[in-house]
Amino acid sequence: MADTATKGTMTPRIAEMAAIFMIGDGLLGLTQPERHIALWQDGALGAEHTVRPFVGRPGRRRLYAIVQIAAGLALAARQRQGTTVVNR
């Protein structure tokens, strides 16, 4: 069973992983929108519905990418508040 210290570090780690995903996905969508959309357009276990609004609209995907990157950076920045780095 996880102790309190482990539980306390899980939420920031999950948030950090989400921020990393948002920033990385945003960068790919910004720099390679057509390729990135095509990858998720077919046979992607439900992601097809998510990318449908961007098919044939690379500018729309780039705009969304900027929002993703900004949101990921904001989420990561929030993790600094109240987070203590422990050297082991």
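The values are calculated or read from the model by the stated rules, or taken from the named source; none is laboratory data. These figures come from a predicted structure and were not determined experimentally. Positions of Cβ are backbone-derived with ideal geometry, glycine not excepted, and every protein chain shown enters the neighbour counts. Calculation scope for accessible area: heavy atoms of the full protein, side chains included, ligands and nucleic acids excluded. Shrake-Rupley method; radii C 1.70, N 1.55, O 1.52, S 1.80 Å.
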### Task
State yes or no: is ALA15 open to solvent by less than 40 Å² (accessible area, probe 1.4 Å) and modelled with pLDDT under 95?
yes
### Message
What are the pairs with Cβ atoms under 7 angstrom where one residue, in segment 33-53, is under 20 Å from ILE66 (Cβ atoms) and the other, located anywhere, is assigned to a loop (DSSP other than H, G, I, E, B) and open to solvent by less than 100 Å² (accessible area, probe 1.4 Å)? Sequence gap at least six, or different chains.
### Response
ILE37/VAL55
### Task
Please go through segment 49-88 and pick out each residue that is open to solvent by less than 90 Å² (accessible area, probe 1.4 Å) and at pLDDT below 90.
GLN79, GLY82, THR83
